[in-house]
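The values are calculated or read from the model by the stated rules, or taken from the named source; none is laboratory data. All of these numbers come straight from a predicted model, not from anything done at the bench. Every residue, glycine as well, gets a Cβ built from its backbone with ideal geometry; the counts of neighbours run over all protein chains shown.
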Amino acid sequence: MFKGAITALITPFKNGKVDEKQLVKNVELQIKSRINGLVPCGTTGESPTLSHEEHKRVIEIVIKSAGGRVPVIAGTGSNSTEEALELTAHAKKAGADAALIVSPYYNKPTQKGLYLHFKTIAEKVNIPVILYNIPGRCGVTIEPSTMALLAKLKNIVGVKEAAGSLDAASQIIQACGQDFDVLSGDDVLCLPIMSIGGRGVISVISNIIPEQVSAMTAAYAAGDSKKALKLHYELMPLMKAAFIETNPIPIKTAMKLAGLDTGEMRLPMCGMEESNEKKLADVLLKMKLI
């Protein structure tokens, strides 16, 4: 259902507020660059610092701007099941094609709690759900056995897998079957995960180079592994530099340097250390992005 290069959109800010005009520009750039989908209000979109009103507004703007040209997968997760339900119901009403729902963070539910959390949302809101497994952020892992149970539910169609393990991704693909969309949550693991049966990536670096990331996933899907591998290694310096500090600090800084965004963030996200920004700028210069 969902495949290729899908961008985890940044949320542009200007003078402390969501920069709606820049957000529309960013969506248009993505679509003109042949991206395969958009994810507003994920980790890269600084969703923890958005008010509920801003969160809903960003999703609405992205859906309207995309105009059905590419799928919009709205980030609607929360560590409160009721909050996640509210945000997911809003995304459905606004016209989102799917919801990306992260594991509950901080409260560290059991595997049974995780199952019931996702099951409740999937059964109450009739929208395709992509699970978001990122234990480094949430403190809890959706185990492959739990994923397999969730994959049996009608609306749960895939996972953004960001545990950083090819072994875990392999187990998920084997347990959930070929109809379950496994998307890499790490740019650097996109091609390796595709090689074991994954469908693509929900990408950070495609905020600044959507065409190249899309070309890499398309090449592999078309059977041109040589071209895909060449692109993988060409993009690897940026894949690594984009995580030199906590995401989305580096990608927003890169977009500022490239003239694509103000680079403004909300605390506790803050500007990069000077030494790291220099390293990032050197990568961008070598890739002719600035």
Within the range 45-54, residues assigned to a helix (DSSP H, G or I) and either within 15 Å of the chain's Cα centre (by Cα) or basic (Lys, Arg) (or both) come out as 47, 48
Checked the range 220-245 for anything over 17 Å from residue 207 (Cβ atoms), of a type outside the set (Asp, Glu) and outside any helix (DSSP H, G or I); matches are 222, 223
task: Would you mind stating whether residue 201 is outside any helix (DSSP H, G or I), in contact with a Phe, Trp or Tyr (Cβ under 8 Å, 6 or more places away or on another chain) and crowded, with 24+ Cβ neighbours inside 10 Å?
output: no
- Query: Any chance the range 263-272 includes a residue that's in contact (Cβ under 8 Å) with a residue 24 or more places away in the chain and not in a loop (DSSP other than H, G, I, E, B)?
  - Reply: no
Report task. Consider residue 24 carefully, then state whether it is β-branched (Val, Ile, Thr) and either over 14 Å from residue 131 (Cα atoms) or more than 17 Å from the chain's Cα centre (by Cα) (or both). Result -> yes
Given the conditions (1) out of contact with any helix residue (DSSP H, G or I) (no Cβ under 8 Å at 6 or more places or on another chain); (2) within 20 Å of residue 251 (Cα to Cα); (3) of a type outside the set (Asp, Glu); (4) part of a loop (DSSP other than H, G, I, E, B), every one holds for residue 41 apart from (1)
Only one of 122, 148, 168 is buried (at least 22 other Cβ atoms within 10 Å of the Cβ) and more than 18 Å from the chain's Cα centre (by Cα), namely 122
With the first residue restricted to the range 21-36 and required to be assigned to a helix (DSSP H, G or I), and the second required to be surrounded by fewer than 17 Cβ atoms within 10 Å (Cβ to Cβ) and of a type in the set (Ser, Thr, Tyr), Cβ contacts under 9 Å at 6 or more apart or on different chains are 22/262
Being under 30 Å from residue 65 (Cα atoms), at pLDDT 95 or above and surrounded by 16 or more Cβ atoms within 10 Å (Cβ to Cβ) narrows 96, 175 down to just 96
Taking the range 115-137 and keeping only residues that are in a helix (DSSP H, G or I), out of contact with any Pro (no Cβ under 7 Å at 6 or more places or on another chain) and over 24 Å from residue 5 (Cα atoms), one is left with 115, 116, 118, 119, 120, 121, 122, 123, 124
